[in-house]
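Comments concern the structure below.
The values are calculated or read from the model by the stated rules, or taken from the named source; none is laboratory data. From a predicted model like this one, the values you see are computed outputs, not experimental measurements. Glycine gets a Cβ as well: all are built from the backbone with ideal geometry, and neighbour counts include every protein chain shown. The area values use the complete protein model at the heavy-atom level, side chains included, leaving out ligands, DNA and RNA. Shrake-Rupley method; radii C 1.70, N 1.55, O 1.52, S 1.80 Å.
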Amino acid sequence: MATSISSVTKSIETLKTPQILKLGLQSTWVMSILLMILSIAGVQTQRQAVQTIGKDSAPSILNAQRINDSLADLDANVANELIAKPGKNPAAVKVYGERQKKLAMLLVTAAENITYGDAERKRIETLQLELGNYMMMVQKARDHHQRGDATAMLAAYRLSADLIDKTLLPTAAELDEVNWRELEPIYAQQQKNGIGSIGLILLSGAGLVGVLVSLQLFLNVRMRRTLNPFLLLATILAVGAVVDTTRIFLSTGHHLKVAKEDAFTSLHSLRKGRAIAYIANAAESRYLLDKAFTNTHEQAFFKHVDLIAKLPSGMTYDRLLSAVQSGQLPSEFTGFMADELRNITFPGEREAAVKTLDTFVRYVAIDTQIRQLEKSGQHQAAVALCIGTNPGQSNWAFEEFKKAHSQTMEINKAEFERSIQASFNDLNGFEVKMPVLMGAIALFTFLGLRPRMREYLL
């Protein structure tokens, strides 16, 4: 190695001044092109990662969770309609119709944003086909309900509920997972690529600046030129280009980290928790509707409640809420709400998350009253409390939970979108700016060396 360096050094020493100047000029051009290629390649990789995370995978994941919401809410409203006397719960009929329309739009959105081929397409097709079958079964249950045939109504409803539980909801969850599996490795690779690109840019930038500084020193020693303005300008541009490119990579990486780890992690937990809450709400109504399976529906309700906010052993919801409000988060507290409360990042997020937990606790407390009424033989009172929308009734409490929950989601959604847009803003125009800068460096180097080289042509 030492012999090779010594050999190269001796070879350079034997070169004449015009040859050294020409070699320096060529080296500057080569290093400028190398820096430009590495920088543009790195930026394009960054942009693709931002596009995949911000515009492809993340929106598809959230859309899949909205599909989950709507499916579970369809079922809840069907159950709410059927536990009341025919025609006595128009609100449930209205919401069911609204959910049908929303589902149709969500499935169109999912179909328009297919990024990963058949993995998404087949699941969307399954949702579209089976949703039609589900609605036919629901209509049969409604028809039997109108005729007062409770046995036939329950048989038809159980078929629709089975389709929701075993096909539609799992398929929507799979649609979420398809995109989540793509998002995670792409984000990890982006973080790795960003560090690697910065290293290569700094290395090639150092080489370019080193050549320019060496030329300045050579002119000073060999030709007694104290300062070459064009070479100085080229050096300043080279340093500026390296610093600005590094800043862009660091800034994009930071914005993407905020979007993925801070905002989207919370948003995803909240979205999954919301879908689970709708499933729990449906289980609450099924408990009153299908008395042959009350234990099954009761267990399903509490299973899904635990997925949202599982109490530490020996703790009540009131004590948990009191602890969270005072800024203490018990280590054994788990669930999607616990995940969110452990990932508080943005202004106003903690207050919104605590309010979400508070409203959820109130909803669960009303569910306890419903079960007490049902077990004491007061079925109609339990139904009224379950489907009621007045303050203190279950559907009112669930709507309050949804409002608080939406506010928490909106905080994270806004920050996610802001960070993704900031990443795009960092990268915009780079492929135009970098060639201009490198071209300017090459031109200024040529203008700085040309008069010196021409001196040897005279």
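Tabulated results
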{"item": "The chain - convex hull of the alpha-carbon atoms, volume per residue in Å³", "result": "186 Å³"}
{"item": "Heavy atoms of F293 accessible to a 1.4 Å probe, total area in Å² rounded to 10", "result": "90 Å²"}
{"item": "In Hz, Karplus ³J(HN,Hα) per residue of region 379-390 (6.51, -1.76, 1.60; θ = phi - 60°; x = Gly, Pro)", "result": "4, 5, 5, 5, 4, 4, 5, 5, 9, x, 10, 7"}
{"item": "At 0.890 mPa s and 25 °C, Stokes D of region 306-458 from Kirkwood alpha-carbon radius, µm² per second", "result": "121 µm²/s"}
{"item": "Largest-first principal axis extents of the Cα set of region 17-102 (Å)", "result": "101, 13, 10"}
{"item": "Degrees separating the helix 118-147 axis from the principal Cα axis of the chain, which is the longest one", "result": "20 degrees"}
{"item": "Quotient of Cα Rg and 2.2 N^0.38 Å for region 114-193, N being how many residues it contains", "result": "1.60"}
{"item": "Acute angle (nearest 10 degrees) that the helix 265-289 long axis makes with the longest principal axis of the chain, alpha-carbon atoms", "result": "10 degrees"}
{"item": "Angle between the chain longest axis and helix 58-83 axis [Cα atoms, degrees, rounded to 10]", "result": "10 degrees"}
{"item": "Amide proton proximity set for T334, modelled H, under 5 Å, gap of 5+", "result": "K310"}
{"item": "Gained length - V221 relative to E399, 0.36 nm times residue gap less alpha-carbon distance", "result": "56.1 nm"}
{"item": "Violating pairs (Cα-Cα greater than 21 angstrom) within the set K355/K402; K102/K310; K85/K402; K272/K402", "result": "K102/K310; K85/K402"}
{"item": "Most to least accessible of D75, D143 (protein chains only, probe 1.4 Å)", "result": "D143, D75"}
{"item": "Square roots of five times the Cα gyration tensor eigenvalues for region 364-427, Å", "result": "43, 9, 7"}
{"item": "Debye log10 I(q)/I(0) at q = 0.10, 0.11, 0.16, 0.19 Å⁻¹ for region 84-242, Cα point scatterers", "result": "-0.62, -0.67, -0.98, -1.15"}
{"item": "Region 214-319: GluC sites (Glu not before Pro) falling in loop per DSSP and having at most 15 other Cβ within 10 Å", "result": "none"}
{"item": "HN-Hα J in Hz across region 247-264 - Karplus 6.51, -1.76, 1.60, θ = phi - 60°, x for Gly and Pro", "result": "4, 4, 5, 5, 5, 4, x, 5, 4, 5, 5, 4, 5, 7, 7, 8, 6, 6"}
{"item": "Distance (nanometres) between label positions extended 7 Å along Cα→Cβ at K122 and F302", "result": "3.9 nm"}
{"item": "Rounded to the nearest 10 Å², the accessible area of I195 at probe 1.4 Å", "result": "130 Å²"}
{"item": "Surface accessible to a 1.4 Å probe, V178 within the full protein complex, Å²", "result": "10 Å²"}
{"item": "In sequence order, calculated HN-Hα J values of region 359-365 (Karplus, 6.51, -1.76, 1.60; Hz; x Gly/Pro)", "result": "5, 5, 4, 5, 4, 5, 5"}
{"item": "Approximate spin-label separation N113-V213, in nm, with each point projected 7 Å along Cα-to-Cβ", "result": "4.8 nm"}
